[in-house]
Structure formats: C-alpha cells, structure tokens
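Read the structure below first, then the notes.
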Amino acid sequence: ADEILPQVLSIGIGYRPNDQILLLADMEQEINFLARFRFGLEYTILEYLILRAGVVTEATEISFGAEFQAAKLFRIGLAAAYHETLGWSPGVELVFAPGER
C-alpha cells in the first residue's frame with residue numbers, strides 16, 4: 001500500500017533555576033505542516049502542591065493544572081486546556097503509587 005507514515009522532528013529543553021520552578025520549551029515539526037512551539041511552567045508552592053501552566057502555538061492552546069500529593073501514597077491532579085478550535089478539555093488524574101517520589 002502507498003501509506004505514508006508521519007514524519008515528526010522534535011527537540012526540547014528543560015531548565016530548573018531552583019527547587020521550586022521548572023521551565024520547559026519544545027519545538028515540533030511535522031513534515032508539510034508549520035512548526036509548533038510549546039512552553040511550560042511548573043511551580044512547586046509546597047512540597048505537596050504543584051501548579052502548572054502551558055502554551056502551544058499553531059492551533060493555539062493554553063493549559064493549566066494543579067497536583068496535590070497526600071502522604072506519599074497517592075496524587076490527585078486537576079487540569080484544563082483550551083484549544084482554539086476544540087474548546088475546553090478538563091482532566092482529572094488519580095495515582096496510587098506507594099514508594100514513589
């Protein structure tokens with residue numbers, strides 16, 4: 001068959017200026033499409049509370065979320081993203097992981 005596989009090039013970098021902040025940047029180029037740039041920020045307010053935000057170009061998208069960790073046994077994450085075409089997408093994450101972190 002004459003099926004063409006997607007060809008994607010991607011490169012990213014992360015920088016942690018201190019224990020509370022993580023900065024992320026990424027560029028993704030799919031052949032025959034415009035490059036997409038993604039930028040993210042993670043801020044640890046307290047040992048058990050993390051806030052996150054992000055922006056994506058080319059089909060503009062913004063996102064934000066929070067993660068709460070309780071007793072090093074489980075994590076609860078809440079997030080939402082807004083895509084210029086698709087609208088709002090909420091998300092919830094529940095993770096039970098004894099022994100992690």
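Can you tell me, using C-alpha contacts under 8 Å and at least 6 residues apart, the relative contact order of the range 37-101 as a whole percent?
24
With every protein chain present, what is the per residue accessible area of the chain (1.4 Å probe, Å²)?
Accessible area per residue, the chain: 76 Å².
May I ask you to derive the FRET efficiency for Val55 and Asn18 from their Cβ-Cβ distance with R0 = 22 Å, giving the value to the nearest 0.05?
In this case the efficiency is close to 0.50.
Can you figure out the FRET efficiency of Ser89 with Ala35, using R₀ = 22 Å and their beta-carbon distance, to the nearest 0.05?
0.45
Suppose the Debye formula is applied to equal point scatterers at every Cα of the chain; what is log10 I(q)/I(0) at q = 0.19 Å⁻¹?
Results for the chain at q = 0.19 Å⁻¹ read -1.05.
Any idea what the dipole of the chain comes to, in debye rounded to 20, about its Cα centre with Lys/Arg Cβ at +1 and Asp/Glu Cβ at -1?
That gives a dipole near 480 debye.
The values are calculated or read from the model by the stated rules, or taken from the named source; none is laboratory data. What you see is a predicted model; the values in this text were computed from it and never measured. Cβ coordinates were reconstructed from backbone atoms using ideal geometry, including for glycine residues, and neighbour counts include every protein chain displayed. Keep in mind that these areas ignore ligands, DNA and RNA; they rest on the heavy atoms of the full protein, side chains included. Shrake-Rupley method; radii C 1.70, N 1.55, O 1.52, S 1.80 Å.
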